[in-house]
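Colleague: This structure is in C-alpha cells; I'll ask about it shortly.
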Amino acid sequence: MMATLVDAITFSSFLSMMGFGLTLVRRTTGVWNVAQAGLVSIGAYVTLTLVSFVGGSPYLYLPLAFLIGAGVGAILFLVAINPLRKASSIILLVATIAFNLILISIINIYADYLQNVFGILSKSFLLTRLDFKIFGRPAISTISVSTLLIFTIAFYLFLRYTRTGLALRGCIEQPSLAGVVGVSVRSLYLFSWVLAGGSAGLAGGFLPLFFQCNPNIGFYLIALMFCVSILGGVGEIYGPFLGGWLVGFVQIFGTTLLASTLGPWVILYKGLFPMVILVLTLLFVPQGLSGIDWRAKVRILKRKGG
Amino acid sequence: MLRISNLNAGYGNAQVLYDIDLECKLGEVVTVIGPNGSGKTTLLNSIFGLADIFSGTVTFDGISLSDLPSHKIVGTRLGYLRQEGNIFETLSVEENLKMGGVSIKKKEVKKRMGEVLSLMPVVKPFLSRKASTLSGGERHLLAIALVLMSRPKLVMLDEPTAGLAPIAIKQIIKTVDRLKDEGISLIIVEQNLKDVLKLSDRSYLVVSGRNTFVGSPDKLLERSDLKMYLGLD
C-alpha cells in the first residue's frame, strides 16, 4: 500500500510538470502543443547522455535538462509558431505534430548513434540503479515532489509579485490590450514556450529514474498530459497541478485495485483509467476542475439544504 | 504633435479609410465624429498599429508610427483608450494601474500611480477590488487611469461615455476636462456630442471612411446639412 502511494505521488509529480507546460502555452498562445512529447523525451536523453559520459547522480543534470528543454521550446516557438501566429488553432496543432515527429526522429537517430558508436544501451534504458534512498525509499519520490512544490511556489510568486508575471497574467487575459499598454506580447509568448519546454525537459530528466525509457517515452505519455491539462482546466494556470495528481492517483491506485481484484491482465489497460476520467470531464465539466465555481456550488447546496 | 496625411487603411484586403488627413497639436482637443461604421475606430486603430496602413503617413512628435508595433508606440507617449476590452478584468484595480505603467521605469510606477490617483481621486476607493466587480462608469474611469499611467502627451479616447448612465457620463466628461487642463492633448471619438463639443478645439467629420468636414465645433453646428450625422437639434 505504502509503495503504491509513493509511486502515485511520484507519477503525479511528473504528470503535473508535463501538464503545466501544455496548459501554459495553451493559455498564452492558444496552441495545443503535441511537441511537448518530444521535449519530455529530450529531457530523458539529456540525463542518459550525461550520466553515461560524465557520471555521477542523474539529479545533477536536471537543471541542464530544464535548460535544453527550454531552448528547444524557444526554437519551436520562433520557427513554427510565431510565423504562423495568424493561422487557425488546427494549423498550429498540425505544426506541433510535425515538429514532434521531427524531434522524435532526431532522438531516435541520436539513440542509434549512442548505441552503435559508444555501446550505450540507449534504445531502452532505466537508471533506477543510480538512485539513492531517503527513509528507505527511492529518492526520486521525495525529490520529484519537492521539485514540483518548489516549481509551483516559484511560479506563483513570479506571477503574483513580479512585473513580468503581472504582464503575463494581463497578456493571458487580453493580449491586444496588453500590447496597447506597452507589453511586448511576442516576448511573453516566447517566455511561456521557454518555460513550457523547460518544465517538459525537467520532467523528462526525472523519467529514467522511474520508467523504462526509449525515444518515444514522451509520445506514450502525451495522452496523459492532455488528460491532465483538460481535467485540471486550461482556464486556470494552476489547473495541471490538480489534474496531475488526480490522473496520477487514479491510474496507479485504479490499476492496483483492479489488478488485485480481477487479475494482473488489467495492468495492460491501465491507460484507460485516465481516459475514462477525461471523457467524463469533457461531458460533464468541460471547463475542467479549476474552472468550476465551487463557491457557487456550495451556495446552491446550502440553499437546497436550507 | 500628431499628423496624419493621406491615410489609406483597413484590415487585410478591406480598405476602410480613404485619404484621411488629421492633425492634433500640443494641448488641443480634437473630436472625430461620424455615423456608426464610418471608420472612426479604424482611424484610431491605424494610428496605434492595430489596423493595416496601405499608404499615407502617421507621425507623432516627428516619429513615424507606421512601422512601430503597439507596445513601442506607447513609449512615444501616445495613449489609447479603446471602446471595449480596455481593462484587465481578472486583475485588481491596483494591478491594472501597474499594467498601465509597464512602459515606464519600475521605480517610477508608484510615484506615477500617486499622480494619477490625485488626478482621478474617484479611483482610489476601489484600488483593492477586482476590476470585474466594478460598475460601468467605474470601469471607464479605471480605463482612463490605466492609460494615464504611461505619462501620455496625447490620449485617444474611443467613445469613453458609450453605454453609461447620465451621472457616469458627467463624471467622465469632468475627468476629460481635467486632462485638458493638465495640458494633455486629446483625440476623442464620441457619439455624445453635446458635452464633448464644448471641450473641443477642432472637429473632424468622417463619413464612409472619408473626411467630409474639418473645422471648429461652432462651424460644425452651423452646418444644417450635417445635422443628420450629429444627432443634434
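Rule-based calculations on the coordinates, nothing more; no lab input. Worth saying up front: this structure is predicted, and the values here are computed from it rather than measured. Ideal geometry is used to build each Cβ from the backbone, glycine not excepted, and the neighbour counts take in all protein chains shown.
Colleague: Over the Cα atoms of the stretch B:2-230, Rg to Rh with Kirkwood Rh, two decimal places?
Modeller: 0.96
Colleague: Where the only charges are on Cβ atoms (+1 Lys, Arg; -1 Asp, Glu), what is the dipole of chain A about its Cα centre, to the nearest 20 debye?
Modeller: 940 debye
Colleague: Quick check: Cα centre of the stretch B:78-99 to Cα centre of the stretch A:14-54, how many Å?
Modeller: Each part reduced to its Cα centre gives a spacing of 34 Å.
Colleague: Would you give the gap between the C-alpha center of the stretch A:143-195 and the C-alpha center of the stretch B:3-70, rounded to a whole Å?
Modeller: 33 Å
Colleague: Could you work out, residue by residue across B:91-100, how many beta carbons of other chains sit within 10 Å of that residue's beta carbon, and then give the average as an integer?
Modeller: Per residue, the number of nearby Cβ atoms from other chains is 3 on average.
Colleague: Right, another one. Using alpha carbons only, how many angstrom separate the centre of the stretch B:203-223 from the centre of the stretch A:201-260?
Modeller: 63 Å
Colleague: What's the extension gain from A:Ala98 to A:Lys86 if we count 0.36 nm per residue and subtract their Cα-Cα distance?
Modeller: 2.5 nm
Colleague: For the residue pair A:Leu121 and A:Val298, what label-to-label distance in nm results when each label sits 7 Å from Cα along the Cα-to-beta-carbon direction?
Modeller: Simple spin-label model gives 5.3 nm for this pair.
Colleague: Mind telling me which of A:Asp112, A:Asp131, A:Asp293 comes out most flexible in a GNM of chain A, alpha-carbon contacts under 10 Å?
Modeller: In this elastic network of chain A, the residue with the biggest mean-square fluctuation among A:Asp112, A:Asp131, A:Asp293 is A:Asp293.
Colleague: Pick out which of B:Tyr11, B:Tyr80, B:Tyr204 has the largest mean-square fluctuation in a Gaussian network model of chain B, springs linking Cα atoms closer than 10 Å.
Modeller: Ranking B:Tyr11, B:Tyr80, B:Tyr204 by mean-square fluctuation puts B:Tyr11 first.
Colleague: Something else about it: For chain A, what are the DSSP H helices with axial Cα length of 30 Å or more and mean Kyte-Doolittle hydropathy of at least 0.5?
Modeller: A:2-29, A:89-118, A:139-161, A:185-206, A:239-262
Colleague: Please name which of A:Ala37, A:Leu114, A:Ile81 has its Cα lying farthest along the dipole of chain A towards the positive end, using unit charges on Cβ (Lys, Arg +1; Asp, Glu -1) and the Cα centre as origin.
Modeller: In chain A, that residue is A:Ile81.
Colleague: Right, here's the next one. If I build a Gaussian network model for chain A, linking alpha-carbon pairs within less than 10 angstrom, which residue out of A:Ser122, A:Ser41, A:Ser260 has the largest mean-square fluctuation?
Modeller: Maximum fluctuation in the GNM of chain A, among the listed residues, is at A:Ser260.
Colleague: What does the structure give for A:170-177 when I average, per residue, the other chain Cβ atoms found within 10 Å of the residue Cβ?
Modeller: For this peptide, the per-residue mean of nearby foreign Cβ atoms is 6.
Colleague: Please average, across the residues of A:153-165, the number of beta carbons from any other chain that are within 10 Å of each residue's own beta carbon, and give a whole number.
Modeller: 1
Colleague: Still on this structure, I have one more. Can you compute the modelled spin-label distance between B:Asp195 and A:Met1, with each label point 7 Å from Cα toward Cβ, in nm?
Modeller: 6.9 nm
Colleague: Restricting to bridges with both residues inside chain B, how much of the DSSP beta-bridge set is antiparallel, in percent to the nearest 5?
Modeller: Within chain B, antiparallel bridges account for around 55 percent of the total.
Colleague: Using packing as a proxy for protection, rank B:51-58, B:108-115, B:136-143 so that the peptide with the highest average count of other Cβ atoms within 10 Å comes first.
Modeller: B:136-143, B:51-58, B:108-115
Colleague: Still on this structure: Quick check: convex hull of the Cα atoms in the stretch A:2-215, volume per residue, rounded to a whole Å³?
Modeller: 122 Å³
Colleague: Going down the table (B:Lys106/B:Lys130; B:Lys72/B:Lys153; B:Lys72/B:Lys106; A:Lys86/B:Lys98; B:Lys105/B:Lys153; B:Lys72/B:Lys180), which pairs top 19 Å between alpha carbons?
Modeller: B:Lys106/B:Lys130; A:Lys86/B:Lys98; B:Lys72/B:Lys180
Colleague: Another question, then. Pull out a ≥ b ≥ c, the square roots of the eigenvalues of the alpha-carbon gyration tensor of the stretch A:216-306, then state rounded if a/c is under 1.5, prolate if not and a/b is larger than b/c, and oblate in the remaining case.
Modeller: It is oblate, given that a/c is not under 1.5 and a/b is not larger than b/c.
Colleague: For the protein assembly as shown, give the magnitude of the charge dipole about the Cα centre (Cβ charges: +1 Lys/Arg, -1 Asp/Glu; no others), in debye to the nearest 20.
Modeller: It comes to approximately 1280 debye.
Colleague: To continue, here is another question. Run the simple label-point estimate for B:Lys105 and B:Thr90 please: 7 Å along Cα→C-beta, distance reported in nm.
Modeller: 3.2 nm
Colleague: With the Cα gyration tensor of the protein assembly as shown in hand, convert its eigenvalues to equivalent ellipsoid semi-axes via √(5λ) and list them largest first in whole Å.
Modeller: Semi-axes from the Cα gyration tensor: 55, 25, 20 Å.
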